[in-house]
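Notes follow once the structure below has been shown.
The values are calculated or read from the model by the stated rules, or taken from the named source; none is laboratory data. Bear in mind the structure is a predicted one, so any value in this text is a computation, not a measurement. As a convention, Cβ positions derive from the backbone with ideal geometry for all residues, glycine included, and neighbour counts pool all protein chains shown. Side chains included, ligands, DNA and RNA excluded: accessible areas come from the protein's heavy atoms. Shrake-Rupley method; radii C 1.70, N 1.55, O 1.52, S 1.80 Å.
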Amino acid sequence: MSVSRGGSVHRLVVSADIKGSGRLGHRAKLRARQGMYEIFEAAFAAVGVGGDQVHLEDRGDGVLAALAPEVPPAALVGLWLEEVHQGVREHNEGLSEPLRLRIAMHGGPVGDDGRGLVGRAVDLACRLCDSEPAKAILAADDDVHVVFVASDVLYHSVVAEGGRFVEPEHYRPIPVRAKETDEVAWFHVPRRAAPPWPAAAPPEQPAPTAAPGGGRGRHRGRSTGSTSTATTRSWTARRCTATSSGCA
């Protein structure tokens, strides 16, 4: 798929990165890259996304993708993510150095300056993928091989609506602060009730705001305040129940 150079078009952006690729030997790195590409290509095929509907850029130890406007985001946060999860599980069978991925998504205007994808949507997707919370979740449990991050906008507009293979109740909001980024993002580990987190340092939770008309509140896109004690305890209790581990 060629991205228009004449102007930006709203697209879903996917940023992915292989954990610890810099510590892999040459053969292990090649195997990880090949596995990642094969898994992503199979997942795109499973949701009916053809080669002319996705723009892929190699990032050495990861990939950056922009989907055609007609591709429904719900398919990516649902069946596509499930196919990636299953593909990684199959790929890692019997490997001493398993493939472990951080994947982030965000939608927004995307352009092409002739050298690659350009736009704030690209910047945010990449920063969410490379965020400290995403790294901490993988570091907290060696059995986690895929961590998925949805931007706040994507979560509320797509993930929260649910659907096949979409589990909004298993996502957790965590602030992401890096460079010019100060956003709430939603973190998810497929087939887990909640993403794992180091017990000694539970993540700061954003304070909910009242929704217009007294409806269910949602989280601020930019949060600087700390969460209430009750919210933190509730999140921690759910996490410990899901992982059957002790809590600090």
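Give the residues of region 114-123 that are in contact (Cβ under 8 Å) with a residue 60 or more places away in the chain and not in a strand (DSSP E or B), sorted by residue number.
Result: GLY114, GLY119, ALA121, VAL122.
With the structure loaded, tell me whether LEU76 is closer than 15 Å to ALA125 by Cβ, buried (at least 17 other Cβ atoms within 10 Å of the Cβ), modelled with pLDDT of 95 or more and out of contact with any helix residue (DSSP H, G or I) (no Cβ under 8 Å at 6 or more places or on another chain) or whether it fails that test. Write out each step before concluding.
Numbers: closer than 15 Å to ALA125 by Cβ: yes; buried (at least 17 other Cβ atoms within 10 Å of the Cβ): yes; modelled with pLDDT of 95 or more: yes; out of contact with any helix residue (DSSP H, G or I) (no Cβ under 8 Å at 6 or more places or on another chain): yes.
Spelling it out, LEU76 is indeed closer than 15 Å to ALA125 by Cβ, buried (at least 17 other Cβ atoms within 10 Å of the Cβ), modelled with pLDDT of 95 or more and out of contact with any helix residue (DSSP H, G or I) (no Cβ under 8 Å at 6 or more places or on another chain).
Which numbered condition in (1) open to solvent by 10 Å² or more (accessible area, probe 1.4 Å); (2) touching a residue at least 40 places away in the same chain (Cβ under 8 Å); (3) more than 18 Å from the chain's Cα centre (by Cα) is the only one that VAL110 fails?
Going through the list (1) open to solvent by 10 Å² or more (accessible area, probe 1.4 Å); (2) touching a residue at least 40 places away in the same chain (Cβ under 8 Å); (3) more than 18 Å from the chain's Cα centre (by Cα), VAL110 breaks only (1).
Within region 80-97, how many residues turn out to be open to solvent by 10 Å² or more (accessible area, probe 1.4 Å) and either in contact with a helix residue (DSSP H, G or I) (Cβ under 6 Å, 6 or more places away or on another chain) or not in a helix (DSSP H, G or I) (or both)?
Here is the first cut: in region 80-97, the ones open to solvent by 10 Å² or more (accessible area, probe 1.4 Å) are 82-83, 85-87, 89-97.
Narrowing the set further to residues that are either in contact with a helix residue (DSSP H, G or I) (Cβ under 6 Å, 6 or more places away or on another chain) or not in a helix (DSSP H, G or I) (or both) leaves 83, 87, 91, 93-97.
Residues that pass the stated criteria total 8.
Out of curiosity, is ARG120 open to solvent by 70 Å² or more (accessible area, probe 1.4 Å) and touching a His at 6+ places or on another chain (Cβ under 8 Å)?
Working: open to solvent by 70 Å² or more (accessible area, probe 1.4 Å): yes; touching a His at 6+ places or on another chain (Cβ under 8 Å): no.
No.
Which residue, of ALA65, ALA104, ALA32, is open to solvent by less than 40 Å² (accessible area, probe 1.4 Å), in contact with a strand residue (DSSP E or B) (Cβ under 8 Å, 6 or more places away or on another chain) and over 26 Å from GLU167 (Cα atoms)? Before you say what the answer is, go through the steps one by one.
Numbers: ALA65 fails: over 26 Å from GLU167 (Cα atoms); ALA104 fails: over 26 Å from GLU167 (Cα atoms).
After ruling out the rest, the residue left standing is ALA32.
Within region 170-190, can you find the residues that are aliphatic (A, V, I, L, M) and over 13 Å from the mean Cα position of the chain (by Cα)? Spell out the reasoning first.
First, the residues of region 170-190 that are aliphatic (A, V, I, L, M): 174, 176, 178, 184-185, 189.
Correct list: ALA178 only.
Looking only at residues in region 165-178 that are among the charged types (D, E, K, R) and farther than 20 Å from GLY107 by Cβ, which one is surrounded by the most Cβ atoms within 10 Å (Cβ to Cβ)? Reasoning before the result, please.
Step one: list which residues in region 165-178 are among the charged types (D, E, K, R), which gives 167, 169, 172, 177.
So of that shortlist, the ones also farther than 20 Å from GLY107 by Cβ come out as 169, 172, 177.
Details: GLU169: 11, ARG172: 21, ARG177: 16.
Step by step, filter region 165-178, then rank; the result is ARG172.
Is it the case that ALA43 is more than 17 Å from HIS145 (Cβ to Cβ) and buried (at least 19 other Cβ atoms within 10 Å of the Cβ)? Write out each step before concluding.
Details: more than 17 Å from HIS145 (Cβ to Cβ): no; buried (at least 19 other Cβ atoms within 10 Å of the Cβ): yes.
Judged against the criteria, ALA43 is not a match.
Any residue in region 14-27 that is under 28 Å from THR181 (Cβ atoms), open to solvent by 50 Å² or more (accessible area, probe 1.4 Å), without any contact (Cβ under 8 Å) to a residue 12 or more places away in the chain and not in a strand (DSSP E or B)?
The answer is yes; a qualifying residue exists.
Quick check on region 197-218: of everything there that is buried (at least 21 other Cβ atoms within 10 Å of the Cβ) and under 21 Å from LEU101 (Cα atoms), which residue is modelled with the lowest pLDDT? Walk me through it before giving the result.
Pass one, region 197-218, residues buried (at least 21 other Cβ atoms within 10 Å of the Cβ): 197, 203, 205-206.
So of that shortlist, the ones also under 21 Å from LEU101 (Cα atoms) come out as 197, 203.
Numbers: TRP197: 84, PRO203: 54.
Checking each candidate, the answer is PRO203.
Identify all residues within region 125-162 that are under 14 Å from ASP17 (Cα atoms), in contact with a Ser or Thr (Cβ under 9 Å, 6 or more places away or on another chain) and open to solvent by 10 Å² or more (accessible area, probe 1.4 Å); write none if there are none.
Within region 125-162, CYS126, ARG127, ASP130 qualify.
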